[in-house]
1. For the range 37-64, which residues satisfy the criterion of being surrounded by 13 or more Cβ atoms within 10 Å (Cβ to Cβ) and either closer than 19 Å to residue 87 by Cα or among the small types (Gly, Ala, Ser) (or both)?
2. Residues of the range 2-16 being in a helix (DSSP H, G or I), more than 16 Å from residue 41 (Cβ to Cβ) and of a type outside the set (A, V, I, L, M, F, W, C), which ones?
3. In the range 52-59, is there at least one residue being closer than 22 Å to residue 116 by Cβ and outside any helix (DSSP H, G or I)?
4. In this structure, is residue 81 closer than 20 Å to residue 116 by Cα, surrounded by 18 or more Cβ atoms within 10 Å (Cβ to Cβ), at pLDDT 95 or above and not acidic (Asp, Glu)?
5. How many residues does the range 76-117 hold that are part of a strand (DSSP E or B) and under 10 Å from the mean Cα position of the chain (by Cα)?
6. Is it true that some residue in the range 113-126 is among the acidic types (Asp, Glu), within 14 Å of residue 65 (Cα to Cα) and surrounded by 14 or more Cβ atoms within 10 Å (Cβ to Cβ)?
7. Among the numbered conditions (1) touching a residue at least 24 places away in the same chain (Cβ under 8 Å); (2) of a type in the set (D, E, K, R); (3) assigned to a helix (DSSP H, G or I), tell me where residue 48 comes up short.
8. Can you find even one residue in the range 27-36 that is buried (at least 19 other Cβ atoms within 10 Å of the Cβ) and within 16 Å of the chain's Cα centre (by Cα)?
Amino acid sequence: MLPLRPATALDKVFLRELHHLAYRDVVLRQFGAWEEEAQDFWFERSLEQATFQVIEHNQLAVGALGTKEEPTRLDIVELQVLPDWQNQGIGTFVLVAELERARALGKPVHLRVLKENRAQRLYQRHSFVVTGETETHYLMRRTWP
């Protein structure tokens, strides 16, 4: 079991570092360059849009989940895991827990993922479907039968 705890102002430095580490490779693949100021803008924007929880493993912060609960849906704004902790089932564990929560609430789950992000495969394995796209992202949704 991986505990999630509410993020506090003291976690902002970790969350910024996590954002940069988790997105650097995908941003370089998709856009060809990493612009620190632009990434800081997107990081700050995500903090404004979502409620964050820190994912811990043995009391070590290894990732974060940012969600926004709307009256008719649950949005996953961010699901990030430090690169050294990726591909160990952490993202899957957290995603499945959020899907179970959304199902209990009777709400579909929405998210957007950069087109070059490998996380698309994780979402597809858990029955998310692409419902649209922007120039940079796929829009995905998971509904219940």
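The values are calculated or read from the model by the stated rules, or taken from the named source; none is laboratory data. A quick note: this is a predicted structure, and the numbers were derived from the prediction, not measured. Because the Cβ atoms are built from the backbone with ideal geometry, glycine has one as well, and the counts that use them run over all protein chains shown.
1. 46, 50, 54, 55, 56, 57, 61, 62, 63, 64, listed by residue number.
2. Scanning the range 2-16 gives a single hit, 11.
3. Checking the range 52-59: not a single residue is closer than 22 Å to residue 116 by Cβ and outside any helix (DSSP H, G or I).
4. On the way: closer than 20 Å to residue 116 by Cα: yes; surrounded by 18 or more Cβ atoms within 10 Å (Cβ to Cβ): yes; at pLDDT 95 or above: yes; not acidic (Asp, Glu): yes.
Yes.
5. Start the filter on the range 76-117 by keeping residues that are part of a strand (DSSP E or B), which leaves 76-81, 109-114.
When the remaining residues are screened for being under 10 Å from the mean Cα position of the chain (by Cα), the result is 76-81, 111-113.
Residues meeting the conditions: 9.
6. Restricting attention to the range 113-126, the residues satisfying the condition of being among the acidic types (Asp, Glu) are 116.
Next, only the ones that are within 14 Å of residue 65 (Cα to Cα) stay: none.
The answer is no; no qualifying residue exists.
7. It fails just one condition, (1).
8. yes
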